[in-house]
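Readers should treat all values here as calculations from the given coordinates under stated rules, not as data from a laboratory. All values reported here derive from a predicted model rather than from experimental measurement. With ideal geometry, Cβ positions are generated from the backbone for all residues, glycine too; neighbour counts draw on all protein chains shown.
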Amino acid sequence: MKIRQLVPALLCCFLLPDPVVAETRFEVETARESEAVTLTRDTQAGGYQLLTAVELKKMLDEAKPMVLVDTMPYDASYTKEHLPGAKHFLFPVARMSSWDTKETGGKTEADFAALLGSDKDKPVVFYCGFVKCTRSDNGAAWARKLGYTQVYRFPGGLFAWKGADFPLEAVK
């Protein structure tokens, strides 16, 4: 082995993180795995599909007919920033197995269906703040329960949208 090749190899050996840092790296991966499994299980239970920021942006750029729904609190989030063209409908973080108007800001199941529209084959897309936020899971799962056929969840939500440097809107 040439000296130029040996030096980086030796440096790597001596500069590797100590066990505490290495353990943290493994803990980070364990957390990612847990989030991925939770997302997969929620998706399977809800019967909807997932979209990435790039896929959703492409749909919006192509002006694909859809209903895009922000599921986060109106004053604390939606008014400040939301995806272009998104409508608002509050859902709770905890799984909502039965309709609870206290958890939806006083809105009924009929209000939700009216927001989504009568065309049950039109794509509907739900998002919240970030992958671990499950408000969008509730919205997507309820849309499926009401018979909508093309239901999507954008799990990365606002964080992924901002991370991709895509534009946002605010309530004026």
* **Neighbour-count ranking [beta-carbon atoms within 10 angstrom, fewest first] of ARG32, ARG144, ARG135** => ARG32, ARG144, ARG135
* Asked: Relative to the present Cα-Cα distance, how much length would full extension add between THR101 and ASP75 at 0.36 nm per residue of separation?
  -> 7.6 nm
* Asked: With charges only on Cβ, +1 for K and R and -1 for D and E, what is the dipole size of the chain about its Cα centre, in debye, rounded to 20?
  -> 260 debye
* To do: Give, as ranges by residue number, the residues of segment 55-84 whose backbone N falls under 15 Å from the point 7 Å along Cα→Cβ of GLU169.
  => 57, 60-71, 78-84
* Asked: So for ASP111, ASP42, fewest C-beta neighbours within 10 Å to most, what's the order?
  -> ASP111, ASP42
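Please tell me which of these pairs span more than 24 angstrom C-alpha to C-alpha: LYS57/LYS102; LYS107/LYS145; LYS58/LYS122; LYS57/LYS122? Please report the intermediate quantities before stating the final value.
Numbers: LYS57/LYS102 33 Å; LYS107/LYS145 17 Å; LYS58/LYS122 17 Å; LYS57/LYS122 17 Å.
Check vs 24 Å cut-off fails for LYS57/LYS102.
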* Rg(Cα)/(2.2 N^0.38 Å) for segment 47-163, N = residue count -> 0.96
* Which of the lysines could a cross-linker bridge to LYS172, judged by Cα under 21 Å and excluding same-chain residues fewer than eight apart? -> LYS80, LYS87, LYS162
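Treat the count of other C-beta atoms within 10 Å as a stand-in for reagent exposure and order LEU50, LEU116 from fewest to most. Numbers along the way, then the final one.
Values: LEU50 15, LEU116 22.
Least crowded to most crowded, the residues run LEU50, LEU116.
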* So what's the angle, to the nearest 10 degrees on a 0 to 90 scale, between helix 19-46 and the longest Cα principal axis of the chain? -> 30 degrees
